Amino acid sequence: MKTTVEFEKVSKQYRLGMTRTSVPSLVAGWMRRSLTHSAPHQDVRTLWAVRDVDFDLRQGECLALVGANGAGKSTILKLLSKITRPTTGSIRTRGRIAALIELGAGFHPDLTGRENIFLNGAILGLGRADIRRRFDQIVAFAGLEGFIDTPVKRYSTGMLVRLGFAIASCIEAEILLVDEVLAVGDASFQQKCLGCIRGLIESGTSIIFVSHNINTVEAVCSSALYVRRGQVAARGAVGDVIRSYERDLHEARSRELDHVSVGEEGLTGSAVRITKVEVLAPEGGPLVGLRGHDTVQVRIGYRLDGPATPADAVIRIMRSDGLTCCMLRTATDCVPLTLNGGDHAVSVVLDPLQLISGSYFVNAYLSTVGDLVLLASGRSEWFYVSGATLSHEARSGVFEPHRRWIVQASADDRVLVG
């Protein structure tokens, strides 16, 4: 299978803070410098948007570019589409390149949908005969049969996106660049677009796919390139790369919350202090490769310098975005707790943990019974959970419950699965 795209040590540098370079501004600047005898001001600050990027794309492969905003994904697409040229390195492409980036760019609001199909098609490089041949297909794909002779200024945003994608999808190209084109549109339209993209892959089109919707990336792409601050952080199977990206995403969120000190001292005047909060394996050893269905032990180590006292232990598991996932209390669970003098610990076992993929920490508190007085507080180090669901998707929820499915084979039959 032939290689359609080759990136070899590609870097792109931009100059920041440069003055305007229009003819009037250049003349005005020259006159000011002549009158004041001053040297031209040069701001030499630079930004490497892409640095030493290497990858290749084979025929019929769909490669995802994942990474945070500003990581360099759009710069890579601009370099591929020859909007800009690399500062160093070489780019080789084999075949015609088309881009699904700004859907509907070039639509004229006062022209009808029919007229804009011909106008936009011409902008995208389609011949008039090609547009005529595909006209009915475009209208049917967009679902605009009843509105095709209506000015597009009366279209909704969704109607414009559907029409733009329907036109752009008719471009026959060996290499297709797709940048967040599915961010707008209802679920039905997104499924139709995904079906179209899969059809292009099966026909041998090579696709570079950019999207912040991880579920969509996993549904379409077979491999991925994780771009971080302009450099390749990971390349490989789409699932492996997404896990690497997600881990960095959660660690970044974690650092934002790290103004809370780890292992706080006991409160002033209290005879109790929390010495350590740990998330451990069930037998008390360190965690290795924690998954959502594993069993864990959360242990609160404390020191009491005084007589034994009844208390309530509270554990709050916090996600990296500050969300409280759950709160556990000895008092609520009717577990009597007495703090004894010296160094001791109280633990709770979560069997199973049930958290979805993400970064977490534990806030722990010791208080008098009834929460009348807070005796001590502390928190654990960050711990990472690898689950079946990605926690940065808002619709993924907070936890993965222990579950059993019931599949009804017939009206009278029930089959238990799992």
Open item on the list: Would you confirm, using the coordinates I've provided, whether VAL385 is at pLDDT 90 or above, in a strand (DSSP E or B) and not small (Gly, Ala, Ser)?
Closed with: no
- [ ] Determine which single condition LYS78 fails, assuming it passes every other condition in (1) surrounded by 16 or more Cβ atoms within 10 Å (Cβ to Cβ); (2) over 30 Å from ILE242 (Cα atoms); (3) in contact with a Ser or Thr (Cβ under 6 Å, 6 or more places away or on another chain).
- [x] (2)
TODO: For residues that are of a type outside the set (S, T, N, Q), assigned to a strand (DSSP E or B) and either out of contact with any Ser or Thr (no Cβ under 8 Å at 6 or more places or on another chain) or not assigned by TED's automatic domain parsing to the domain that holds GLN297 (or both), tally how many sit in region 316-347.
DONE: 8
- [ ] Pull up region 273-288, narrow it to residues that are over 28 Å from the mean Cα position of the chain (by Cα), at pLDDT 90 or above and not acidic (Asp, Glu), then point me to the one that is nearest to ARG299 (Cα to Cα).
- [x] VAL277
Open item on the list: If I ask for residues that are at pLDDT 90 or above, hydroxyl-bearing (Ser, Thr, Tyr) and assigned to a strand (DSSP E or B), which ones from region 44-92 would you list?
Closed with: THR88, SER90
Open item on the list: Looking at ARG92, ARG133, ARG96, ARG114, can you tell me which residue is without any contact (Cβ under 8 Å) to a residue 24 or more places away in the chain and of a type in the set (Lys, Arg)?
Closed with: ARG133
Task: Complete set of residues in region 345-378 that are under 15 Å from GLY322 (Cβ atoms) and either surrounded by fewer than 21 Cβ atoms within 10 Å (Cβ to Cβ) or small (Gly, Ala, Ser) (or both) - done: GLY358, SER359, ASN363
- [ ] Return the pairs, sorted by first residue and then second, in which the second residue is surrounded by 14 or more Cβ atoms within 10 Å (Cβ to Cβ) and of a type in the set (Gly, Ala, Ser), the first residue lies in region 190-206 and is over 12 Å from CYS62 (Cβ atoms), the beta carbons are less than 6 Å apart, and the residues are 6+ apart or on different chains.
- [x] CYS196/SER169
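The values are calculated or read from the model by the stated rules, or taken from the named source; none is laboratory data. In this text the structure is predicted, and so the values were computed from the model without any measurement. Cβ: placed from backbone, ideal geometry, glycine included. Neighbour counts: every protein chain shown.
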